[in-house]
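Read-outs: derived from the displayed coordinates by stated rules, not from any lab. Treat the numbers as computed from the prediction; the structure is a model and nothing was measured. Counting neighbours? That spans all protein chains shown, and the Cβs are built from the backbone with ideal geometry, glycine included.
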Amino acid sequence: MLKKSSLKKRPLIALGILLLFIIVAYSTIYYYRDLVFGPPVLFWEDDYIQVNLYPSQYKSAVVFTVDDVTKLTDPKKVIAIADVLEKYGFKGVFFVIPQYKGRYRLTTDDSITQALLKISDGGHEIAQHGLTHSLPRKKPKIVNQAREFTDLPYGEQKRRVFVGKKILEEAGFMINGFRAPAFSADYNTLDVLEHLDFLYGSNAGLYPPPYMLANKFFVESIYYPYHPSNLNLLEFVSHGDLLRGHFNPKNFILIKHRFEKVYSRNGIFVIYSHIEPLNTPQALKLLEKSMEYINSRNVWKPSLTELALWWKAREALYATTELSADKIVITLAKGNELELADLSIAFKKKLTASEYVILSEDGIVLKEGKTKEQIVTIDY
C-alpha cells in the first residue's frame, strides 16, 4: 500500500516533467522550426504550382568553407583544397584572418595572397575571418582565446571589422562575407556587419545538446538562411566541423547523415573546416570521399555570395495563379531588383489546364506554352 506522502508527490513529479518538457521545447524551437513551417520565403507552392527554392531544378545547396587562412599559411595548402573542390565542381569560401595575432598583416606581396587571388579567379570566394583571431587581452573566464569578439563593445567591434575588411580589400579582394573567430559574434557584431554593407554572415554553428542553449540567439534556422533580428544581413548556419581527425567510417557516416537530413528538406548544407587540420592525407581523403558522395545528389554548388544573392531574391518572390478556361495564368512579383536566373516552376498533377502563361507584375509575358512540359525555367 502506497503512503499518502507518495501520492502527494505524483502531481508534483508530473508537473516537473511537464515544465522540463516545455523548457526544452522552447529552448530548441530553432531545431524544428524549419521542419514545421518550411522555408522562410513569400511563396513556395499552392494547389497548382511549386516554385523551386534554387536555380534550375536543384533540390538543395551545398557550400564548402575553410577557416584560419593567414599570412603564414603555406599557399600549397590552399591550392590542394581548391584542387579537390574543383575536381567535383564545388566552389570554396576561404575565410582569411587579415592581421593574424595583430602582427601578421596580409599584403599584396605575400605568396598566400597570390594563391588566394588565383583561386578566386577560378570561382572560389575570399571572406573575412575577424581581424586578429585573438582576444585583445586575456580573460580568465574565457578558455578559448580565439574568441576574438567576445564581450567587445560596439565601437571596438566596428573598428576591427572595418580595419580587417580594409586590409583584405587593399590586398585585392572583394569582401562580402564575415565569420567571427570561434563563432564569437553577438548582436553588436551583426549590427556592425549590416552598417558596413556586408552581404552575409556565417556566425552560427550547429551544436548538439547541451551546447545548443548557448547558441539559441543565433541558430534560428537549421535548413535555411535567415535574417537575425530583422536585419537585412543574411546569416548562414554551419553544420559542424566534420572533417577534423583521421579518416574512418564513422566520420564519413556522420557527414552523410547530416547532409541527407538537410538534403531531404531542400535545405542548405554549409560544411565548416580549418586549413591546417584539413591538410593531412587522411582529412583530404575524407574531403574527397565526401565531395564524391554529395556530388551524386542533385545539389547546387555555389559560393556563399552567389547563394546569398539568389536567396535574397528568392525569399522576396511572390506568385499568384488564376485558372481561366483551359489556361493557368501565373503572375510573378519581385520584391527587389536582384536577378533570378534559371528559376524553375513545376506544375502539379492536379492541374487540369493544358496551357500556361507566366507574367511579370507589370503584365509582361515572360513565357507561355503547354503544361505538359511539367517544369518550365525562366530568367526573371
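Here are the numbers for the structure shown:
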{"item": "Span per principal axis, largest first, for the Cα atoms of the stretch 236-329 (Å)", "result": "63, 24, 16"}
{"item": "Listed residues S229, S303, S354, most fluctuating in the chain (Gaussian network, C-alpha, under 10 Å)", "result": "S354"}
{"item": "Protection proxy ranking of 363-375, 268-280, 335-347, 96-108 - average other beta-carbon atoms within 10 Å, highest first", "result": "268-280, 96-108, 335-347, 363-375"}
{"item": "Antiparallel DSSP beta bridges within the stretch 303-380, percent to nearest 5", "result": "75 percent"}
{"item": "The chain, relative contact order in percent, only Cα pairs under 8 angstrom and at least six apart counted", "result": "20 percent"}
{"item": "Of K91/K312; K59/K349; K348/K370; K256/K350; K59/K261, those spanning more than 24 Å from alpha-carbon to alpha-carbon", "result": "K256/K350"}
{"item": "For H274, distant residues with modelled amide H under 5 Å away", "result": "D67"}
{"item": "Highest-MSF residue in the chain out of E194, E322, E292 [GNM, Cα springs under 10 Å]", "result": "E322"}
{"item": "Estimated distance in nm for a label pair at E322 and T107, the labels positioned 7 Å out from Cα along Cα-to-Cβ", "result": "6.5 nm"}
{"item": "Contour minus Cα-Cα distance for L366 and E260 (0.36 nm per residue)", "result": "34.7 nm"}
{"item": "Placed amide H near K91: partners under 5 Å, 5+ positions off or other chain", "result": "F64"}
{"item": "Size of the chain as Cα extents on the principal axes (Å, biggest first)", "result": "82, 72, 45"}
{"item": "Beta bridges per DSSP with both ends in the chain, % antiparallel, nearest 5", "result": "45 percent"}
{"item": "Given charges at beta-carbon only (K, R positive; D, E negative), |dipole| of the stretch 60-297 in Debye", "result": "700 debye"}
{"item": "Tensor-based shape of the stretch 38-91 (alpha-carbon gyration tensor, a/c under 1.5 rounded, otherwise prolate or oblate)", "result": "prolate"}
{"item": "Shape call, the stretch 256-380: gyration tensor on alpha carbons, a/c limit 1.5", "result": "prolate"}
{"item": "Most fluctuating residue given options L254, L193, L287, as computed from a GNM of the chain linking Cα atoms under 10 Å", "result": "L254"}
{"item": "Whether the stretch 286-337 is rounded, prolate or oblate, judged on the alpha carbon gyration tensor where a/c under 1.5 counts as rounded", "result": "oblate"}
